[in-house]
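Okay, structure first, notes after.
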Amino acid sequence: QVQLVESGGGLVQAGGSLRLSCAASGGTFSSYNIGWFRQAPGKEREFVSAIRWSGQTTYYADSVKGRFTISRDNAKKTVYLQMNALKPEDTARYYCAGAGTLFPLNMTRYDYWGQGTQVTVSS
């Protein structure tokens with residue numbers, strides 16, 4: 001069983017940056033693919049980014065491509081989401097999730113979820 005804990009959220013002005021972390025405990029983290037999703041109030045949860053267990057393949061939603069970078073450090077059991085050039089529309093609660101088999105955009109294929117961290121971008 002893998003437990004995931006997100007951190008790094010906060011309040012930032014438009015154009016600013018944040019780095020989210022997804023720390024894992026339990027299980028074999030290095031064998032898990034990790035995705036980031038977000039959910040804004042009144043909206044459905046949506047895919048943001050994902051990274052394969054090896055770190056060699058990454059995926060991004062079109063809305064964040066070129067601004068967000070996902071990476072992982074398997075020795076630290078942590079996945080990072082570097083978010084630059086933030087926009088007010090990036091405001092949401094961000095969740096990381098773990099999947100043994102990766103279908104990046106398919107939320108139902110993720111086995112473990114964290115509790116989320118809030119990101120608020122002011123204009």
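Laid out as a table, the results:
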| quantity | calculated |
| --- | --- |
| Cα-based reach from Lys43 at 24 Å (exclusive), listing lysines while leaving out same-chain residues under 8 positions away | Lys65, Lys87 |
| Surface accessible to a 1.4 Å probe, per residue, for the residues of the chain, Å² | 50 |
| Sequence ranges 81-92, 2-13, ranked by mean other-Cβ count within 10 angstrom, highest first | 81-92, 2-13 |
| The stretch 1-122, relative contact order [Cα under 8 Å, separation at least 6], % | 35 |
| Alpha-carbon radius of gyration plus Dmax, which is the widest Cα pair, for the stretch 31-119 in Å | 12.2, 37 |
| Positive-end residue, the chain charge dipole about Cα centroid, Cβ charges, pick of Pro88, Thr58, Gly116 | Thr58 |
| Ranked by how many other beta carbons lie within 10 Å on average, peptides 94-106, 52-64, 26-38 from highest | 26-38, 94-106, 52-64 |
| Around Gln82: net Lys/Arg minus Asp/Glu count, Cβ-Cβ under 11 Å | +2 |
| Virtual paramagnetic centre 7 Å along Cα→Cβ of Glu89, amide N under 19 Å, in the stretch 10-25 | 12-18 |
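The values are calculated or read from the model by the stated rules, or taken from the named source; none is laboratory data. All figures in this text were calculated on a predicted structure; none of them were measured in a lab. Virtual Cβ from ideal backbone geometry, glycine too; neighbours counted across all protein chains shown. The protein model used for the area step is the full one, side chains on, heavy atoms only, and it has no ligands, DNA or RNA in it. Shrake-Rupley method; radii C 1.70, N 1.55, O 1.52, S 1.80 Å.
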